[in-house]
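**Q** Have a look at this one before I ask anything.
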Amino acid sequence: MTDHRYWLFTFAIGGALLILSLQLFRLQITEQQDLSSIARGNALRDIRIIPARGSIYDRNGTLMVDNHPTYTITLTPRNFDRAQIPLLADHLGVEDSIVTQQLEEAQAWNPYRPSPSFSNVPFERYARILEDAYRLKGVGWETGQQRHYSTNARASHILGYTGEITKAELSSGSYASADTALYRQGDILGRTGIEKGYEPWLRGVPGVARSWVNVHGLEVMKYAQGQSDQPPRQVYDIHLALDHRVQTLAESLFVNKRGAAVALDPNTGGIIALVSKPDYPLELFSGDLSPQAWQDLNVHPDTPLYNRASMNLMPPGSTWKPFMALLALSEGLLGDRGAEATIFCNGYHPVGQGRFFRCLGSYGHQTVLEAIKNSCNTFFFELAARMDLSVFKQYANRFGFGVETPTDIREQTAGLIPDSAYFNNTRSYWGKGDVMNLGVGQGHMGVTPLQLAKYTAALANGGTLHAPRMVSYLVNTQTGEKMDPPGLPDPTPLGIDTAYVNLVRRGMRLVMEEGTGRASQIPDIPSAGKTGTAQAPRNLRDHSVFIMFAPFDDPQIALAVQCENTGDGSRCAAPIGSLMAEQYLKGEIPSSWRTDVRMDRAMTAISQPLSSENQ
Amino acid sequence: MRRWYKNLDFPILLVWVALCICGLIAIYSATHGDAQEYLLNTVQRNFQRQIVWLFICVGALSVIMLLPIRLLIRLTPWIYLASMALLVIALVFGREVSGARSWVYFGPFGFQSSELAKVGTLLMAAFILSSRKGGIESTALPMVGVIALPAILVILQNDLGTALVFVGLIPILWLWAGIRLRVVGLLIIFPIAGYLTILDWTIALGFTAVVGIIAWFTTRSPAWVTFGVLAGVITLGVASFALNAVFQPHQVARIESFLNPEADEYRAGVGFHLVQSKAALGSGGWFGEGHMKGSQTQGRYIPEQSTDFVFSVIGEEWGFVGSILVLLLFAILMLRLVRLAREIEHPFGSIVAAGTAGIFLIHISVNIGMVLGLLPVIGIPLPFLSYGGSALLTNTTLMGLALAAYMRRSEFAMYI
């Protein structure tokens, strides 16, 4: 063998291996960054760990809302033995054909990955499948969570429901952009009430687990032994001001009625109860809400989804008289003698042009105190006739009427308090009569039960407006750190002389002891209140309205109740309000003849049904 | 007579053992671990089956070592005929595996006839070259015939890659057997010009011009200049024509995808192999991610990873250092074989040893070139590393023949 051929061959081998080595160097050393980032892009997946949604407790620490597990059975077609279809179908309680169909859908999606085929499987069936897992290869399970409600109180409009985020919401970016809570398809978010208003705190910040995944998208191993994983955090449990027993009682008293009730803690603004009837069971939204059920809720003539407590507008009726009294006393409308001054009631008040507005009786000379106790219309017609409409609006706004209430209830309406501009815009002719009507809380005005309750609370506590709040405080589930509900303003004084407020309070106490509230007294607890009857349009029965606070000397609860189309205030709203207050203050309703009277009145009152003609 | 093992070449045996162990480790990593269950059942057992094949290979190696070379020479034509018969049987009755109809079954045992044919063909070519009466040019026709026959049969089996291995043997064997270097040079123009045409036809044209100039300065013969330039131009023309007018789009994709595997038209298909393979190598870095720890390997991102793409396991999990060590083992193996070939005095044994080195060189260059994204995706295995019993047995047999010839290197001379 000639030597140069040996060397040629040797060099050919060496050359080929040199080229390979150089390319190897290029890929593994020079381009390492780029290529390994491709590799990471292939194989690294961040799996979010959605924390358990925060729980909701009432003011006494009673659990109202938490999460219960849901079970989903998955199929991995590649590992599944078709001979086991009957067994699986039997365990699931479905036809074989349904399992076959799910299997085919899973096969079409991805034969290697577990496909969520049967959701919301009852626990007993899930447990049977678990026991037979060794026979059911390719059958897996995932657990999820759904809201679970533990008390008898529905509190639908307070708690609110949750739902899966929609494609439209995702693409709008408003949820995706907040970097504390990145949402993806399939995520649950609060839709109404507390669930919506406190969504960021209930949801918290999802954790991240980083894993290497294989070409089929399944986890192979943890990335960096899980060192860079982040646990979920910043989940808060919510403690409500709500008393679930008062809430439950109020809900049950509203049987056969439309209406709303709001009870506040006058010292904090905390919402002790908030009822809007009719309502709906939140459990409807926990599983898969059927489109039919959703449709029914939306078209129901009594509008169960609508939060009457913070949105329903109706005139306050005579519950407005304490306000008018405070306005008159502060503005000197009664002249130099103030509280001592009287107005003569002969049973009516002239409006002009020969027309008269009637009073319920002929009360004679009435002081402010007497006028409130007797609910004398003539007195308050006269005050309204004496007042300036712009001052009226200014005072009403100061008490929180006609403006949105600072609160953590999201859905609310501002209400209607007219001024001359309003009448000029809406009426071709208006006059003294329209203004006088406002003096007794009728006519062109609308207030919500929430606003009335807040006003009552201010009367109860001597003149301080607290922002009504559903939430007392939040507790971080990891650190135990307590937090006040964000975004609520500090209490503000009404700026009304305390002497005037006390005078009005005395008047309201007399209402309960000698006036229209007599039948609705709480045994052994002195209270103050005012009934009202709001005229309903279109020949419908009047609305029943009631405000109250108790105990008189150290008020712990202030409430407002509206019953739609049930008649006058003493008939429906007053007994309901009184029973709610008694339940709150005593923790029970002891049986007595007074209880029987109130119960009877409350339960027998019925809202005149709304038909398509009178709506 | 000296003791037989005095003449046994232990370095090659050690390298062989080392390479087989490397192969086993890589195959294990590619077929075990958390994602194992997502592989086909047959692939899951590749590691165990490769071990069984290794035992068979040790047995075959022992038999070959005992084989008198004279007997081998005498049997060569029959071995060749048997190989060709196997190819035909596979073509007619065989089972199709990964698109190639090259498998023959004896009971449960399957053989890839195109692999075994490499042994018969090399022996036959060595037989022709060593037993020639006239000048080396007189072997041209029989050589081409002896190699073209299996090549064509293998092409008919739809395995172009293996056919290229047969054809590639011609210049190597002729170089060793002493043909004029200009002929070897001329033959090498074809694959180079073809490769450059795939890259860019203008480069191929430039290469042809350079060939003409070199041909003039080395031969001073207008005829050889013409041959050289013609070889370049014809290759360029045929290759361009084939790429643009003859091949189906999926075939063109297979050939051209390595140039830009990330392009949209390749990414979902054949380019996927290459993107993933490169990503795996790149994430290996200097020292690799460690055995069973490569994200791409363990995630099964690279298809055919225990077979044709086994080098990507080594690249990812053992890093640059490990890859270079494997390349060094290959270098020792091949250079040592060429060294043995030089020492063997009988032309037949010498050519078999050199041809063995040549076959290994083609496999290693083409396979690793493919894995590194330098060459089109041509499915031929990496000797001793890729899973595959037939290939392992064939390569071990070839190596054994070279070792046997070397062991009896001086015995040969007396029969000349």
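**Q** Considering each residue of the stretch A:211-239, count those that are in a loop (DSSP other than H, G, I, E, B) and farther than 27 Å from residue A:54 by Cα, and give that number.
**A** We begin by selecting, within the stretch A:211-239, every residue in a loop (DSSP other than H, G, I, E, B); these are A:214-218, A:227-229, A:231-232, A:234-235.
Adding the requirement that they be farther than 27 Å from residue A:54 by Cα leaves A:214-218.
Final tally of qualifying residues: 5.
**Q** Looking at the stretch B:245-254, is at least one residue in contact (Cβ under 8 Å) with a residue 24 or more places away in the chain, surrounded by 13 or more Cβ atoms within 10 Å (Cβ to Cβ) and either of a type outside the set (A, V, I, L, M, F, W, C) or not assigned by TED's automatic domain parsing to the domain that holds residue B:373 (or both)? Step through it out loud before you land on a result.
**A** So in the stretch B:245-254, the residues in contact (Cβ under 8 Å) with a residue 24 or more places away in the chain come out as B:254.
Then drop every residue that is not surrounded by 13 or more Cβ atoms within 10 Å (Cβ to Cβ), which leaves B:254.
From what's left, either of a type outside the set (A, V, I, L, M, F, W, C) or not assigned by TED's automatic domain parsing to the domain that holds residue B:373 (or both): B:254.
Yes - at least one qualifying residue is present in the stretch B:245-254.
**Q** Look at residue B:391 and say whether it is touching a strand residue (DSSP E or B) at 6+ places or on another chain (Cβ under 8 Å) and touching a residue at least 40 places away in the same chain (Cβ under 8 Å).
**A** Details: touching a strand residue (DSSP E or B) at 6+ places or on another chain (Cβ under 8 Å): yes; touching a residue at least 40 places away in the same chain (Cβ under 8 Å): yes.
Considered against the rule, which asks whether it is touching a strand residue (DSSP E or B) at 6+ places or on another chain (Cβ under 8 Å) and touching a residue at least 40 places away in the same chain (Cβ under 8 Å), residue B:391 comes out as yes.
**Q** Residues in the stretch A:437-458 that are modelled with pLDDT of 95 or more, assigned to a helix (DSSP H, G or I) and of a type in the set (S, T, N, Q): how many?
**A** Of the residues in the stretch A:437-458, 2 are modelled with pLDDT of 95 or more, assigned to a helix (DSSP H, G or I) and of a type in the set (S, T, N, Q).
Quick grid of which residues meet (1) aromatic (Phe, Trp, Tyr); (2) assigned to a loop (DSSP other than H, G, I, E, B); (3) at pLDDT 85 or above:
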| position | (1), (2), (3) |
| --- | --- |
| A:288 | no, yes, no |
| A:293 | no, no, yes |
| A:296 | no, no, yes |
| A:306 | yes, yes, yes |
| A:310 | no, no, yes |
| A:318 | no, no, yes |
| A:323 | yes, no, yes |
| A:326 | no, no, yes |
| A:330 | no, no, yes |
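**Q** Further question: Does residue B:51 count as more than 30 Å from residue A:216 (Cα to Cα) and within 24 Å of the chain's Cα centre (by Cα)? Please lay out each step first, then the result.
**A** On the way: more than 30 Å from residue A:216 (Cα to Cα): no; within 24 Å of the chain's Cα centre (by Cα): yes.
No; evaluated as a whole, the condition is false for this residue.
**Q** Could you list, in sequence order, the residues of the stretch B:362-405 that are surrounded by fewer than 24 Cβ atoms within 10 Å (Cβ to Cβ), within 14 Å of chain A (Cβ to nearest Cβ) and outside any loop (DSSP other than H, G, I, E, B)?
**A** B:362, B:365, B:366, B:369
**Q** For the stretch B:265-279, indicate whether the set of residues that are crowded, with 24+ Cβ neighbours inside 10 Å, away from chain A (no Cβ under 11 Å) and either on the phi > 0 side of the Ramachandran plot or touching a Lys or Arg at 6+ places or on another chain (Cβ under 7 Å) (or both) is non-empty.
**A** Taking every residue of the stretch B:265-279 in turn, none turns out to be crowded, with 24+ Cβ neighbours inside 10 Å, away from chain A (no Cβ under 11 Å) and either on the phi > 0 side of the Ramachandran plot or touching a Lys or Arg at 6+ places or on another chain (Cβ under 7 Å) (or both).
**Q** Kindly indicate the residue of the stretch B:343-354 that is within 11 Å of chain A (Cβ to nearest Cβ) and outside any loop (DSSP other than H, G, I, E, B) and also farthest from residue B:331 (Cα to Cα) among those meeting that condition.
**A** B:347
**Q** Within the stretch A:64-108, which residues are in contact with a Leu (Cβ under 8 Å, 6 or more places away or on another chain) and closer than 30 Å to residue A:189 by Cβ?
**A** A:64, A:65, A:73, A:75, A:102, A:106
**Q** Separate question: For residue B:360, state whether it is in the same structural domain as residue B:42 (by TED's automatic domain parsing) and closer than 30 Å to residue B:7 by Cα. It would help to see each step written out before you state the result.
**A** On the way: in the same structural domain as residue B:42 (by TED's automatic domain parsing): yes; closer than 30 Å to residue B:7 by Cα: yes.
Criteria met by residue B:360.
**Q** Oh, and also: Residues of the stretch B:230-277 being of a type outside the set (Gly, Ala, Ser), at pLDDT 90 or above and either over 24 Å from the mean Cα position of the chain (by Cα) or within 30 Å of residue A:32 (Cα to Cα) (or both), which ones? Lay out the reasoning, then the answer.
**A** Taking the stretch B:230-277 and keeping what is of a type outside the set (Gly, Ala, Ser), we get B:230, B:233-236, B:238, B:241, B:243-244, B:246-252, B:254-256, B:258-262, B:264-267, B:270, B:272-276.
With at pLDDT 90 or above added as a condition, the list becomes B:230, B:233-236, B:238, B:241.
B:230, B:233, B:234, B:236, B:238, B:241 - these are the residues of the stretch B:230-277 that are of a type outside the set (Gly, Ala, Ser), at pLDDT 90 or above and either over 24 Å from the mean Cα position of the chain (by Cα) or within 30 Å of residue A:32 (Cα to Cα) (or both).
**Q** For residue A:216, work out the one condition from (1) out of contact with any Leu (no Cβ under 9 Å at 6 or more places or on another chain); (2) more than 30 Å from residue A:193 (Cβ to Cβ); (3) buried (at least 21 other Cβ atoms within 10 Å of the Cβ) it doesn't fulfil.
**A** (3)
**Q** Inspect the stretch B:116-128 for any residue being surrounded by fewer than 16 Cβ atoms within 10 Å (Cβ to Cβ), touching a Gly at 6+ places or on another chain (Cβ under 7 Å) and assigned by TED's automatic domain parsing to the domain that holds residue B:91 and give the result as yes or no.
**A** Within the stretch B:116-128, the subset surrounded by fewer than 16 Cβ atoms within 10 Å (Cβ to Cβ) is none.
The answer is no, given that none of the residues of the stretch B:116-128 is surrounded by fewer than 16 Cβ atoms within 10 Å (Cβ to Cβ), touching a Gly at 6+ places or on another chain (Cβ under 7 Å) and assigned by TED's automatic domain parsing to the domain that holds residue B:91.
**Q** If you don't mind, another one. In the stretch B:212-231, which residue that is in a helix (DSSP H, G or I) and of a type in the set (S, T, N, Q) is farthest from the other protein chains (Cβ to nearest Cβ)?
**A** Of the residues in the stretch B:212-231, the ones in a helix (DSSP H, G or I) are B:212-219, B:222-231.
From what's left, of a type in the set (S, T, N, Q): B:218-219, B:226.
Working: B:218: 14, B:219: 17, B:226: 24 Å.
Looking at the filtered set, the residue picked out is B:226.
**Q** Scan the helices (runs of 4 or more DSSP H) fully inside the stretch A:115-177 and keep the ones with 1 or more residues being farther than 23 Å from residue A:305 by Cβ and modelled with pLDDT of 85 or more.
**A** In the stretch A:115-177, the matching helices (runs of 4 or more DSSP H) lie at A:123-131.
**Q** Please determine, by comparing only the residues of the stretch B:29-85 that are of a type in the set (Gly, Ala, Ser) and surrounded by 18 or more Cβ atoms within 10 Å (Cβ to Cβ), which one is nearest to the other protein chains (Cβ to nearest Cβ). Walk me through it before giving the result.
**A** The initial filter retains those residues of the stretch B:29-85 that are of a type in the set (Gly, Ala, Ser), namely B:29-30, B:33, B:35, B:59-60, B:62, B:82-83, B:85.
Among the residues that remain, those that are also surrounded by 18 or more Cβ atoms within 10 Å (Cβ to Cβ) are: B:29-30, B:33, B:35, B:83.
Values: B:29: 12, B:30: 12, B:33: 7, B:35: 4, B:83: 25 Å.
Result: B:35.
**Q** So which residues in the stretch A:1-60 are in contact with a Lys or Arg (Cβ under 7 Å, 6 or more places away or on another chain), at pLDDT 90 or above and within 7 Å of another protein chain (Cβ to nearest Cβ)? So that I can check it myself, show each step before the final result.
**A** Within the stretch A:1-60, the first condition is being in contact with a Lys or Arg (Cβ under 7 Å, 6 or more places away or on another chain), and the residues that meet it are A:1, A:6, A:27, A:35, A:44, A:46, A:53.
Next, from what is left, pick out any that are at pLDDT 90 or above: A:6, A:27, A:53.
Answer for the stretch A:1-60, where residues must be in contact with a Lys or Arg (Cβ under 7 Å, 6 or more places away or on another chain), at pLDDT 90 or above and within 7 Å of another protein chain (Cβ to nearest Cβ): A:6, A:27.
**Q** Residues being farther than 30 Å from residue A:271 by Cα and among the charged types (D, E, K, R): count how many of those fall in the stretch A:391-435.
**A** 4
The values are calculated or read from the model by the stated rules, or taken from the named source; none is laboratory data. The model shown is predicted, which means the values in this text are computed figures rather than measured ones. No Cβ is skipped: glycine too gets one built from the backbone with ideal geometry, and neighbour counts run over all protein chains shown.
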